[in-house]
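What follows is a set of notes on a single structure, which appears directly below.
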Amino acid sequence: MSMLDRLFRRFAPAGAAAPVDWGLTPRPQLLEVDKWRLSGLLSEIVSIVGVSPYPLDELMLMGAAMVYHRPQAVIDIGTHFGKSARIWHEYARRLSLVCEIHTIDLCDPEHPEFPGGTLGEYFKGLPVTQHIGDGCEVAMTLLDQRSDAAVLLYVDGDHRYETVRRELELAGRMHSGCIIVHDTFYQPGSTYNHGPYLAIQDAVPSLPVEQVIHLQTGLPGMSYLGPKPRDGRA
Ligand SMILES: C[S@@+](CC[C@H](N)C(=O)[O-])C[C@H]1O[C@@H](n2cnc3c(N)ncnc32)[C@H](O)[C@@H]1O
């Protein structure tokens, strides 16, 4: 019997629906999920957010991270329309996770991606907490307030090398969970912004990171960093 079943039998009120454990039991050391089963959720997610800016493989990786880590909080840097925040919410709901979703945006009219009135339009009315400020600063405070929680940190702010390097240092404050970085496609010789990819390459050797997965079959690209847990938990 899985841990989830044991907890359910012990604490759930009579008549409550049994939870579904979407992960593999016992959980493998590195990220591994039942991709066939997770694929079954994709059409529902696509019907809500479409496939742009997140193509199918990226939506799968986002779901896999939720299934495997079962985060208690998601910290989403770079709100804009709120598609990523909505995706975290939809996965958390379908996986029966008790998970706070926080999203942060600079909301600076001088910034080329200033969202203006479209800020967070994809999660209006849903339980997603919007913060205005610098992603790294706000995330630092949120992480310090959740020092024993499993957290999924999502990095999709301004995509400059220096900014992403600074955001990746947040791995040192994470108890357990993972980091996902967006726009990490790398194509030598192209004029694409390679800042996020190069930041990962340079930062990882000195970070408590055990596993790196790059989705790089085309733009925009997404990368998963599985930090070494502080106390043996993933
Ligand atoms: C690519 S968009 C994010 C897309 C969003 N994740 C989605 O799925 O809809 C980047 C956003 O990051 C914001 N941003 C830029 N620099 C930031 C920073 N230092 N901290 C927080 N947000 C930032 C921009 O205002 C912009 O809205």
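The values are calculated or read from the model by the stated rules, or taken from the named source; none is laboratory data. Computed from a predicted structure; not experimentally measured. Virtual Cβ from ideal backbone geometry, glycine too; neighbours counted across all protein chains shown. For accessibility, only protein heavy atoms count, side chains too; no ligands or nucleic acids. Shrake-Rupley method; radii C 1.70, N 1.55, O 1.52, S 1.80 Å.
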Q.
Please report the net charge: other residues with Cβ closer than 10 Å to the Cβ of Val128, K and R +1, D and E -1.
A. 0
Q) What are the residues whose amide H is under 5 Å from the amide H of Val209, where those residues sit 5 or more places off or on another chain and H is modelled from the backbone? A) Lys228
Q: Could you order peptides 32-41, 194-203 by the average number of other Cβ atoms within 10 Å of their residues, highest first?
A: 194-203, 32-41
Q. What 222 nm value per residue comes from the helices of the chain, counting each DSSP H run with n ≥ 4 as -39,500 (n - 2.57) and dividing by all residues, nearest 500 deg cm²/dmol?
A. -10000 deg cm²/dmol
Q) How do Asp134, Asp144 rank by accessible surface area computed with a 1.4 Å probe, from largest to smallest? A) Asp144, Asp134
Q: Quick one: net charge around Pro112, please, counting Lys, Arg +1 and Asp, Glu -1 for every other residue with C-beta under 12 Å from its C-beta.
A: -3
Q: Measure off, as a whole percent, the carbon and sulfur share of the 1.4 Å-probe accessible area of the stretch 125-172, all protein chains present.
A: 50
Q) So what are the ³J(HN,Hα) numbers for the stretch 103-114, from phi and the Karplus equation (6.51, -1.76, 1.60; θ = phi - 60°), rounded to whole Hz, Gly and Pro as x? A) 10, 10, 9, 5, 6, 9, x, 7, 7, x, 9, 3
Q | Rounded percent of accessible protein surface that carbon and sulfur make up, the stretch 48-113, 1.4 Å probe | A | 58
(Q) Cβ neighbours within 10 Å, averaged per peptide: list 95-101, 219-225 in order, most packed at the top. (A) 219-225, 95-101
Q | Solvent-accessible area per residue, Å², over the chain with all protein chains present [probe radius 1.4 Å] | A | 48
Q) How would you rank 64-76, 161-173, highest first, on the average number of other Cβ atoms within 10 Å across their residues? A) 64-76, 161-173
Q. Taking H as built 1.01 Å from N, whose amide H comes closer than 5 Å to the amide H of Glu100, not counting residues under 5 places away?
A. Ala73, Val74
Q) Once both labels are modelled 7 Å past Cα along the beta-carbon direction, what's the Ile132-Asn193 spacing in nm? A) 2.2
(Q) Full-extension gain between Arg173 and Ser52, please, as 0.36 nm times their residue separation minus the C-alpha to C-alpha distance. (A) 40.4 nm
Q | Student exercise, the stretch 157-234 dipole from Lys, Arg, Asp, Glu Cβ charges, in Debye to nearest 20 | A | 200
Q: Starting at the first residue of the stretch 119-126, write each ³J(HN,Hα) from the Karplus equation 6.51 cos²θ - 1.76 cosθ + 1.60 with θ = phi - 60°, in whole Hz, x for Gly and Pro.
A: 3, x, 5, 6, 10, 3, x, 9
Q | Estimated dipole of the chain in Debye, rounded to 20 [Cβ of Lys and Arg +1, of Asp and Glu -1, Cα centre] | A | 1060
